[in-house]
1. Working only within the stretch 130-153, note down all residues that are touching a Ser or Thr at 6+ places or on another chain (Cβ under 9 Å), loosely packed, with under 14 Cβ neighbours inside 10 Å, at pLDDT 90 or above and not aliphatic (A, V, I, L, M).
2. Would you pick out the residues in the stretch 73-89 that are more than 24 Å from the chain's Cα centre (by Cα) and at pLDDT 80 or above?
3. Residues that are surrounded by fewer than 11 Cβ atoms within 10 Å (Cβ to Cβ), at pLDDT below 95 and under 26 Å from the mean Cα position of the chain (by Cα): does the stretch 90-105 have at least one?
4. Here are the criteria: (1) among the small types (Gly, Ala, Ser); (2) loosely packed, with under 14 Cβ neighbours inside 10 Å; (3) modelled with pLDDT of 70 or more. Tell me which single one GLY183 does not satisfy.
5. Taking ALA123 as meeting all but one of (1) surrounded by 12 or more Cβ atoms within 10 Å (Cβ to Cβ); (2) at pLDDT 85 or above, write down the number of the exception.
6. Looking only at residues that are of a type in the set (Gly, Ala, Ser) and surrounded by fewer than 16 Cβ atoms within 10 Å (Cβ to Cβ) in the stretch 106-120, which one is farthest from GLY141 (Cα to Cα)?
Amino acid sequence: MSGEGPRPPPVVPTSSTGPNQSHGHGEVGYGLVVRRALLIVVALGLLAGATAIAQTGSDGDVYDLQEPPVSSGRVIRLPSDDACIRFTRATVRFLPPPGAVFGLLRVTADGREAARMTGVPRAASATIRLSGARTAVRVSGTTLGGQVIHAARSYRRCGSRPARPRSNKQAPQATPPPIEVGGGEDG
């Protein structure tokens, strides 16, 4: 060690002219390749997603299918008409089979139109208000092929029971409790 002189400092290049420059001196060449690859992957993912949605989105145009026979029991769903109801609204549901397109669906409550729907190719519903002590709900519809359906139901609101008519007999009056005398201590 004594015969050797001081070591020179290591040589560090101050600038580079190659494609991979340091981050402090310009753009790194591999960044462009990574960005392009990432853009291609994202674009392919979006295309694959759009294709999957388009394939599962529809089973064909319902207007192109042949109209099947329809019946009121299979298409119209009305709430149950128990002895009496406590709710003030009713939801009427329409469930047409594939290929049956309803040109007109009408719901009336006590003779007044409560809902009207046109061009119904898929499941739909209408919530109507039930008014008064008794409400008659009628549903009718016509398909584009000319088939007609009808359904009707009457709903009665629950309320307090009507007072029973009183007879001429009067109910026996309750006897008052006896009056107690005494009970204290003497003396």
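The values are calculated or read from the model by the stated rules, or taken from the named source; none is laboratory data. Quick caveat, the model's predicted, so the values are computed rather than measured. Virtual Cβ from ideal backbone geometry, glycine too; neighbours counted across all protein chains shown.
1. The answer is HIS150, and nothing else.
2. Taking the stretch 73-89 as the starting set, the residues that turn out to be more than 24 Å from the chain's Cα centre (by Cα) are 81-85.
CYS84, ILE85, listed by residue number.
3. Within the stretch 90-105 (the criterion being surrounded by fewer than 11 Cβ atoms within 10 Å (Cβ to Cβ), at pLDDT below 95 and under 26 Å from the mean Cα position of the chain (by Cα)), the answer is no, since none of the residues qualifies.
4. (3)
5. So the condition that ALA123 fails would be (1).
6. Taking the stretch 106-120 as the starting set, the residues that turn out to be of a type in the set (Gly, Ala, Ser) are 109, 111, 114-115, 119.
The next check asks that each one be surrounded by fewer than 16 Cβ atoms within 10 Å (Cβ to Cβ); those that pass are 111, 119.
Numbers: GLY111: 16, GLY119: 11 Å.
Ranking the qualifying residues of the stretch 106-120, first place goes to GLY111.
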